[in-house]
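The values are calculated or read from the model by the stated rules, or taken from the named source; none is laboratory data. None of the values given here were measured: they were computed from a predicted structure. We place every Cβ from the backbone using ideal geometry, glycine too, and count neighbours over all the protein chains shown. For accessibility, only protein heavy atoms count, side chains too; no ligands or nucleic acids. Shrake-Rupley method; radii C 1.70, N 1.55, O 1.52, S 1.80 Å.
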Amino acid sequence: QVQLVESGGGLVQAGGSLRLSCAASGRTFSMGWFRQAPGKEREFVARISRNFGRTNYADSVKGRFTISRDNAKNTVYLQMNSLKPEDTAVYYCAARQTEYYSSSRDYGYDYDYWGQGTQVTVSS
């Protein structure tokens with residue numbers, strides 16, 4: 001069983017930046033970020049494969065967020081720039097036991113492991 005631990009959330013003003021980290025206790029393949037705002041369903045944010053570092057983003061964050069990973073550290077990052085109040089949510093890290101290269105959005109059931117979440121609040 002792989003455990004995922006997120007960090008880096010917090011309060012930031014609109015237009016600001018935050019960097020989230022997610023450390024896995026073991027080897028994983030594709031890893032992703034999801035978020036859930038109060039009263040809304042969980043939504044896909046970004047994904048990166050272990051091999052080749054292939055990425056996929058939700059349209060709402062393209063050009064503002066960047067996902068990256070350090071395979072040696074079993075860690076994935078989410079650099080969030082130009083943050084907006086609508087980015088406010090609990091952000092969850094997720095990981096798969098296999099690679100996933102789909103160009104379409106991801107769903108929660110596509111993933112095998114989940115972190116506990118970290119709160120990101122963007123003030124206007």
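Quick look at the values:
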| quantity | calculated |
| --- | --- |
| Sequence of Phe44, Phe29, Phe52 when ordered by accessible area, the most exposed leading, probe 1.4 angstrom | Phe52, Phe29, Phe44 |
| Dipole axis of segment 1-88 (+1 Lys, Arg; -1 Asp, Glu on Cβ), positive-most option in Gly16, Asn71, Val61 | Asn71 |
| Coil-residue GluC sites (Glu not before Pro) of segment 1-105, DSSP, other Cβ within 10 Å capped at 16 | Glu41, Glu99 |
| Chain lengthening between Ser82 and Ser102 when straightened (0.36 nm per residue, less Cα-Cα) | 4.5 nm |
| Of all DSSP beta bridges in the chain, antiparallel share, percent nearest 5 | 90 percent |
| Accessible surface, segment 13-124, averaged per residue in Å² (probe 1.4 Å) | 50 Å² |
| Cα Rg over Rh - the chain, Kirkwood | 0.94 |
| Cα-based shape type of segment 76-123, given that a ≥ b ≥ c are square roots of the gyration tensor eigenvalues and the cut on a/c is 1.5 | prolate |
| Residues in segment 1-35 reached by a label modelled at Asp112 [backbone nitrogen below 18 Å; 7 Å Cα→Cβ] | 1-5, 23-33 |
| Unit charges at the beta carbon, dipole of the chain: most positive-side option, Phe52, Ser25, Val90 | Phe52 |
| Global geometry of segment 42-98, whether rounded, prolate or oblate, following the gyration tensor of its Cα atoms and the 1.5 cut on a/c | prolate |
| Charged-residue dipole, Cβ positions (Lys, Arg, Asp, Glu), the chain about Cα centre, Debye nearest 20 | 260 debye |
| Rounded percent of accessible protein surface that carbon and sulfur make up, segment 1-89, 1.4 Å probe | 45 percent |
